[in-house]
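First the structure, in the form of structure tokens, and then the observations on it.
The values are calculated or read from the model by the stated rules, or taken from the named source; none is laboratory data. All figures in this text were calculated on a predicted structure; none of them were measured in a lab. Here the Cβ positions follow ideal geometry from the backbone for every residue, glycine too, while neighbour counts run over all protein chains shown. Only protein heavy atoms, including side chains, enter the accessible area calculation; ligands, DNA and RNA are left aside. Shrake-Rupley method; radii C 1.70, N 1.55, O 1.52, S 1.80 Å.
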Amino acid sequence: MRIMNQRNTRIYKRALLLAVPMMIQNGITNAVGLVDNLMVGSLGTESMTAVAIAGQLFFVFNLAVFGGLSGPGIFGAQYYGRGDTEGVRNIFRLKWWISLFCVALGALVFLFGGNALISLYLRGEGNGIDAGLTLTLGREYMLIMLAGLLPFGITQVYSSSLRETDESVKPLVAGICAVVTDVLLNYLLIFGKCGLPRLGVKGAAVATVLSRFVELAVIVVLAHKNTAKHKFLQNVYHTMRVPLAVLKPALRKGFPIFINEFLWSGGIAVLTQCYSIRGLNVVAGLNISNAICNMLNVVFVALGNAVGIVIGQMLGARQFDEAKKDSIRLMWFSGAVSAGVALVLLAISGVFPQAYDTSQEVRRYGQFFIMITASFFPVQALLNALYFTLRSGGKTVITFVFDSFYTWVVSVPAAFVLCNFTTIPILGIYAIVQALDLIKVTVGYILVKKGVWITSLVE
């Protein structure tokens, strides 16, 4: 029993050593997003709603980049676990090409389809909300944010590769520098302080773009200053060619993940669009809820990422029995930690919406959306741990069905039908859609327990 407890402690500590810096970095980033949200919210409901809609669309892009890099990242973690530096180096180069492709595609979509995408969210009625002004502000914000796509993509190449090789502090430092820059510039540019022009929503976009360039500069300098530790960066730019022996399996396994993340994030955007049919006040209320919930969901998101890296390294080292047992332990550990976070969120659900300069109806929506989301935090934590466990063994087709396929076949149709063809209140619909994820937890748990994901990809 003592040996078992010691092993549990070690695996929890190993996961936390990876997860905590990610939690801090993402938590700080989301806290800045929260501050930005509050600053923009003080400009009026239209400004808040415009940034929220544009942010939902950029969320799809961010997840597409994440998904595109995650497939090769499975191999990166396993190469590192095996001690193959050249393998990690080639994966890093492959990530560069994928990131550039995502940036180019995203820029084209936002540049030529931005108005149409934003307009999809402005079809519901909103008491006192000017849809035309919201569209104009959202488009202005989006056009400026395009300049931040490239630094964001390159930063993710470095951050993901460093984390897969057991280095999560440098991405944290870079993130903190970006956060400080963003908060300061937001205050100066949104409100026109210290002699600078009052740019409002445009100022929020400019601040975010500049902070992303700062983050990129910091992480590149820190990583290349210590190539003795990060050996995969030694001579990494002597060529950008990726051997077919690395390229083909990484793309074959990674493409389903890219499609999955793109479709899943797109599904979340469509869910929001379905909810928006019930009124622009609902969109504004969801924005309030997402601002605070996203700051705290970094706990289970970071733990899920850590589970994938830890289990992936164990698979690369052929520690199959340990990986199977520890995956279940880490799943329950993640759920327990997230339950504690949910209690904190429930406690502040009535206070937080009062910080926004908006109507009482929007505040009420915000409060109840927060309460419903918090109630399902443990479920989302279990889902994340199960998802990353399945993915760590390269079972990307299974995770595709498990994640985005389910979203589009079950969650999106349910929301569409309930919003358009029933009189169920929007809060009830939101809770029903959240509860549907319990089915995924059950299926995912069975798959993980069976061990269908256990394999080494880097033999």
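Numbers below:
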item	result
Test set (1) within 22 Å of the chain's Cα centre (by Cα); (2) open to solvent by less than 70 Å² (accessible area, probe 1.4 Å) - L135 fails condition number	(1)
Cross-chain or 6+ apart pairs with Cβ under 6 Å, the range 189-216 first and charged (D, E, K, R), then crowded, with 23+ Cβ neighbours inside 10 Å	R212/F152; E215/T155; E215/A174; E215/A178
Pair list, Cβ under 9 Å, 6 or more apart: the range 376-391 residue aliphatic (A, V, I, L, M) and at pLDDT 90 or above, other residue crowded, with 24+ Cβ neighbours inside 10 Å and not in a helix (DSSP H, G or I)	A381/N297
Residue list for the range 338-350, filter: more than 17 Å from N290 (Cβ to Cβ) and among the hydrophobic types (A, V, I, L, M, F, W, C)	A339, L343, A347
All positions within the range 263-298 that are open to solvent by 40 Å² or more (accessible area, probe 1.4 Å) and not in a helix (DSSP H, G or I)	I277, R278
Restricting the range 340-358 to residues that are outside any helix (DSSP H, G or I) and of a type in the set (V, I, T), the residue that is most open to solvent (accessible area, probe 1.4 Å)	V351
Cβ pairs under 7 Å, 6+ apart, first in the range 220-243 and more than 18 Å from W97 (Cβ to Cβ) and open to solvent by 70 Å² or more (accessible area, probe 1.4 Å), second of a type outside the set (F, W, Y) and part of a helix (DSSP H, G or I)	K231/T85
Subset of the range 402-453 that is touching a Lys or Arg at 6+ places or on another chain (Cβ under 6 Å) and outside any helix (DSSP H, G or I) - its residue that is least open to solvent (accessible area, probe 1.4 Å)	W453
Wholly within the range 64-165, helices (runs of 4 or more DSSP H) carrying at least 1 residues that are within 22 Å of L315 (Cβ to Cβ) and in contact (Cβ under 8 Å) with a residue 40 or more places away in the chain	85-119, 149-164
So A77, is it surrounded by fewer than 20 Cβ atoms within 10 Å (Cβ to Cβ) and either of a type in the set (G, A, S) or over 24 Å from the mean Cα position of the chain (by Cα) (or both)	no
Residue match in the range 319-339 (condition: part of a loop (DSSP other than H, G, I, E, B), surrounded by fewer than 24 Cβ atoms within 10 Å (Cβ to Cβ) and not acidic (D, E))	yes
Any hit, the range 244-262, residues being open to solvent by 50 Å² or more (accessible area, probe 1.4 Å) and farther than 30 Å from G451 by Cα	no
Qualifying residue in the range 392-399 (condition: over 21 Å from the mean Cα position of the chain (by Cα), at positive phi and not in a helix (DSSP H, G or I))	no
